1. Using θ = phi - 60° and the Karplus relation 6.51 cos²θ - 1.76 cosθ + 1.60, list the HN-Hα couplings for segment B:89-96 in order, rounded to whole Hz, with x at every Gly or Pro.
2. In whole Hz and in residue order, list the ³J(HN,Hα) couplings for segment B:34-49 that follow from phi through the Karplus curve 6.51 cos²θ - 1.76 cosθ + 1.60, θ = phi - 60°; x for Gly and Pro.
3. Can you give me the relative contact order of chain B as a percent, contacts being Cα pairs under 8 Å and 6 or more apart?
4. Given R₀ = 45 Å, FRET efficiency for A:SER66-B:SER5 by Cβ-Cβ distance, to 0.05?
5. When DSSP beta bridges are limited to those with both residues in the protein assembly as shown, what percentage is antiparallel, rounded to the nearest 5?
6. Which loop-located chymotrypsin sites (Phe, Trp or Tyr not before Pro) does segment B:1-105 contain, where loop means any DSSP state but H, G, I, E or B and the Cβ has at most 11 other Cβ atoms within 10 Å?
7. Taking K and R as +1 and D and E as -1, what net charge do the other residues with C-beta under 15 Å from the C-beta of B:CYS23 add up to?
8. Only counting protein heavy atoms at a 1.4 Å probe, give the residues of segment B:66-114, ordered by number, whose accessible area falls by 40 Å² or more when the other protein chains are present relative to the chain alone.
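The values are calculated or read from the model by the stated rules, or taken from the named source; none is laboratory data. Not measured: the values here are computed from a predicted model. Neighbour counts are summed over all protein chains in view; Cβ atoms, including those assigned to glycine, are modelled from backbone coordinates with ideal geometry. Just the protein is used for accessible areas: all its heavy atoms, side chains included, with ligands, DNA and RNA removed. Shrake-Rupley method; radii C 1.70, N 1.55, O 1.52, S 1.80 Å.
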Amino acid sequence: GAGVSQSPSNKVTEKGKDVELRCDPISGHTALYWYRQSLGQGLEFLIYFQGNSAPDKSGLPSDRFSAERTGGSVSTLTIQRTQQEDSAVYLCASSSGGTQYFGPGTRLLVL
Amino acid sequence: AQSVSQHNHHVILSEAASLELGCNYSYGGTVNLFWYVQYPGQHLQLLLKYFSGDPLVKGIKGFEAEFIKSKFSFNLRKPSVQWSDTAEYFCAVNEDFGNEKLTFGTGTRLTIIP
């Protein structure tokens, strides 16, 4: 079956612009996670959605970052007023039975 | 807060050598433990996981890991590596209830010389 998909695969933007990153989880997975992978910080948790519960936003680095999950499926991570330090690979994962399955990521470059 | 340490940043081995990658975590409660692998140009894939039961777990491609609770360790092993094992390996942990967010180690880059 299909795995986690993410789009776009690459995104280049100018400092100060807003970007939206999309994640399509594995069908039937109720939990969805966003992580960030960067050279200086490794893999960091950003936000977690579980069913209809309030999301755990404890990993979001600033209020420029937000995410939503519509209809319990697709999720969008939005970064407003991008900064150069936002350059990283943004990974999405969905889980079933406690195991997280990762997508290929979106590589974001902020110029 | 949890933390995960992977002390080996870059390991270089010849084919057929034995491998052991260290992973230590700090958390006093019950944890689930994972090893993920990222092959060049590919996304993170699960190698193996430990939730409970037998502390020696076997994963894909001949990898295994042993959970030693007293040492807060979950080291990854393979008796004989292949060139195709060249990749980056990440140890991760989450708490055994509620929020399953993963805390990752910084990763170990493994280079296998043919």
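1. Couplings: 10, 10, 8, 9, 9, 9, 6, 7 Hz.
2. 9, 10, 10, 10, 10, 6, x, x, 10, 8, 4, 10, 6, 8, 6, 8
3. Details: 279 pairs, mean separation 42.8, N = 114.
Relative contact order, chain B: 38 percent.
4. FRET efficiency, A:SER66 to B:SER5: 0.90.
5. On the way: 69 of 78 bridges.
Among the beta bridges of the protein assembly as shown, antiparallel pairing accounts for roughly 90 percent.
6. Numbers: sites: B:TYR25, B:TYR27, B:PHE34, B:TRP35, B:TYR36, B:TYR50, B:PHE51, B:PHE63, B:PHE67, B:PHE72, B:PHE74, B:TRP83, B:TYR89, B:PHE90, B:PHE97, B:PHE104; in loops: B:TYR27, B:PHE51, B:PHE63, B:PHE72, B:PHE97.
Sites meeting the loop and neighbour criteria: B:PHE97.
7. Working: positive: B:LYS49, B:LYS69, B:LYS71, B:ARG77, B:LYS78, B:ARG109; negative: B:GLU20, B:GLU64, B:GLU66, B:GLU88.
That sum, taken over residues with Cβ under 15 Å, equals +2.
8. In segment B:66-114, residues shielded by partner chains: B:ASN99, B:GLU100, B:LYS101, B:LEU102, B:PHE104.
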